[in-house]
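Visitor: Before I ask anything, here is the structure I am working with.
The values are calculated or read from the model by the stated rules, or taken from the named source; none is laboratory data. The structure displayed is predicted, hence computed values, not measured ones. As a convention, Cβ positions derive from the backbone with ideal geometry for all residues, glycine included, and neighbour counts pool all protein chains shown.
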Amino acid sequence: MSLPEEIWTVQSYIELFSHGCPNHLRPTMCPHCQTEVMLHKHGSFERTVYTLLEAFIISIFRFKCIKCGRSTSLLPNFVMEHHQVAWDVKEEVIRQQLSGVALAKIAEDLVTSAGRFSEKTLWRWSKAIRDELRDSSSEQWRVILEKLPHVEIPVGPSKPVQEWSWLFRAWEQVRSMIPGYLNIGLLTWLYQIKHSRAVALG
């Protein structure tokens, strides 16, 4: 799996890739052998992606390394590898939890383009996301402060209790200041940070 530097919505991805993968987005490093080389086009496959409001069928493009012979897929960052449910669905679950809604109630009321999800599924998503935050929050805050060094940090009675609440508040400020981020969710962006860090570490 290879993740591009650009961040898209499902709609912008479909528009950009409607005639195949643009050449400037072809991977230039093999994620397996770490060789810096333009990977060869190696076909594509379709995947259904479920967002809050609509289901989409998208094309995932594959590439092959001429050095090690292994292949990789160019994965859009609005969905996790091997998953069909987009980040905006999972973000809605986290937001509702932060507002005090119980998972059982969210499971009962939240209707997505894929229908409803069980409380157990929502718990599994929530745990995985919170575990990821615990393991990488310092890196996430570093990137936020690099992009918005004068981010407003609430204090006193307005100070959030949970770190997720801090992140969502900071993200709203980032989105308002950076063109192109307005329709990008926090979890999509955090997934991008995680990938960028993994690439940097090699």
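Visitor: Looking at (1) loosely packed, with under 14 Cβ neighbours inside 10 Å; (2) in contact with a Leu (Cβ under 8 Å, 6 or more places away or on another chain), which is the one condition that is false for GLU6?
Guide: (1)
Visitor: Mind listing whichever residues of segment 88-131 are surrounded by 14 or more Cβ atoms within 10 Å (Cβ to Cβ) and of a type in the set (Asp, Glu)?
Guide: Matches in segment 88-131: ASP88, GLU91, GLU92, GLU119.
Visitor: While we're here: Examine segment 179-187 for a residue that is more than 18 Å from the chain's Cα centre (by Cα) and at pLDDT 75 or above, and state whether such a residue exists.
Guide: No.
Visitor: Quick check: anything in segment 137-155 closer than 29 Å to HIS32 by Cβ, surrounded by 12 or more Cβ atoms within 10 Å (Cβ to Cβ), at pLDDT 80 or above and touching a helix residue (DSSP H, G or I) at 6+ places or on another chain (Cβ under 7 Å)?
Guide: no
Visitor: Can you pull out every residue in segment 106-128 that is touching an Asp or Glu at 6+ places or on another chain (Cβ under 9 Å) and in a helix (DSSP H, G or I)?
Guide: ILE106, ALA107, GLU108, GLU119
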